[in-house]
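The values are calculated or read from the model by the stated rules, or taken from the named source; none is laboratory data. Remember, it's a predicted structure, so these values are computed and weren't measured experimentally. We place every Cβ from the backbone using ideal geometry, glycine too, and count neighbours over all the protein chains shown.
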Amino acid sequence: MGINNCQNARYNGTVAVWYTSHSQSDSRDWNNIKEFGGQFHPLSGYYKSNDINILRKQLHEMRRAGIDLIIYDCYGTRNWSIDDLPKDETLKLLMNELSNQDNDSRKLKLCIWLEKYASIPTIEQYEFALNYVKENIISNDFYFYYNGKPLVVTYLNGNSSAIDELEHKNTFFELKRIRPYCSDVWSYIEYYPQMLRKGWMSAAPGFDAYLEDAYLEKYVKNVENPDFNKVREKAAKADRENGEYYKKQLTWAKKADPKIIFVSGWNDWQYGNHIEPAVEYGYFYVDLTAEVLGRKDETKPYRHDN
């Protein structure tokens with residue numbers, strides 16, 4: 001399929017987006033933007049994700065972008081870990097909203113992503129989280145299944161014997177590992193052109209390497225990551241190019257026709273890696289997503305207010 005035809009055709013797989021709720025307990029994204037001079041600022045202001053009005057606005061914008069699946073990060077924050085799931089107010093609000101989608105032409109799905117920021121959860125923490133997900137979340141019809149099983153994504157901060165053990169014991173969930181950049185597992189973010197995959201391909205609007213470096217140097221410079229310098233070098237190449245970088249990544253991913261195209265991310269303001277509306281670019285990336293995926297017409301009901 002030619003590149004122009006690919007841009008016009010509808011992508012019929014699942015469009016997923018990474019979403020974090022850590023602003024309910026940690027203001028680090030907003031602090032980072034202010035302290036280190038981030039070039040973009042959220043159109044909704046420096047919000048807390050457990051504000052129901054903010055959440056409803058985000059869900060509306062995701063539908064406008066043509067998103068199908070929210071991959072919910074538990075937790076990309078230094079303040080909480082995955083055994084804090086029971087006190088996650090944003091997740092409870094989100095589940096309630098997804099339980100009441102009858103009047104929406106676009107029904108969103110949910111998938112849980114497990115991580116412990118800049119660290120590795122213990123096997124006990126993973127088992128607690130999976131048990132919580134099993135008992136409280138997957139019975140809802142909005143939960144996402146992959147290969148016939150409820151999908152849970154585990155993020156790799158280096159090698160993890162805990163994940164090895166978890167996968168060895170698990171028979172219930174479809175567990176998929178994810179890490180940044182070119183890897184032998186699913187990728188959170190890659191530089192263009194991304195590795196061709198049939199199951200999963202990532203697409204990102206760009207990555208602000210300066211924000212990442214400044215934060216890590218100040219707060220978590222002792223993180224064990226032997227590929228850190230290599231990662232920084234590659235991240236620095238991922239310039240937004242006024243939207244052209246994202247368009248290239250999204251078009252390339254769509255052309256490969258994987259089961260899932262993963263947009264990384266919705267609100268990763270910490271690293272300048274987001275398509276959520278900003279003061280500087282408005283709804284540009286939201287509408288670009290729908291356009292490249294061939295979903296502009298079907299998302300028109302969510303575009304009436306802009």
What is the residue count in segment 196-224 for residues that are exposed (fewer than 11 other Cβ atoms within 10 Å of the Cβ), modelled with pLDDT under 70 and either of a type in the set (Lys, Arg) or not in a loop (DSSP other than H, G, I, E, B) (or both)? 1
How many residues does segment 253-306 hold that are in contact with a helix residue (DSSP H, G or I) (Cβ under 6 Å, 6 or more places away or on another chain), under 20 Å from GLY37 (Cα atoms) and not in a loop (DSSP other than H, G, I, E, B)? 3
Inside segment 116-131, can you point out the residues that are in a strand (DSSP E or B) and charged (D, E, K, R)? LYS116
Would segment 236-256 turn up any residue that is of a type in the set (D, E, K, R), in contact (Cβ under 8 Å) with a residue 60 or more places away in the chain and farther than 27 Å from ARG56 by Cα? yes
Of all residues in segment 103-158, how many are surrounded by fewer than 19 Cβ atoms within 10 Å (Cβ to Cβ) and either at positive phi or among the basic types (Lys, Arg) (or both)? 7
On the basis of being modelled with pLDDT under 95 and either on the phi > 0 side of the Ramachandran plot or in contact with a strand residue (DSSP E or B) (Cβ under 6 Å, 6 or more places away or on another chain) (or both), does ASN306 make the cut? no
For residues in segment 58-77 being under 22 Å from GLY45 (Cβ atoms) and among the small types (Gly, Ala, Ser), which is modelled with the highest pLDDT? ALA65
List pairs: first in segment 179-191 and on the phi > 0 side of the Ramachandran plot, second part of a loop (DSSP other than H, G, I, E, B), Cβ under 7 Å, 6+ apart or cross-chain? TYR181/ILE189; TYR181/GLU190
Can you find even one residue in segment 146-164 that is touching a Phe, Trp or Tyr at 6+ places or on another chain (Cβ under 8 Å), more than 21 Å from LEU108 (Cα to Cα) and part of a helix (DSSP H, G or I)? yes
Per the list (1) surrounded by fewer than 18 Cβ atoms within 10 Å (Cβ to Cβ); (2) farther than 14 Å from ASN267 by Cα; (3) not polar (S, T, N, Q), residue check on ARG64 breaks on (1)
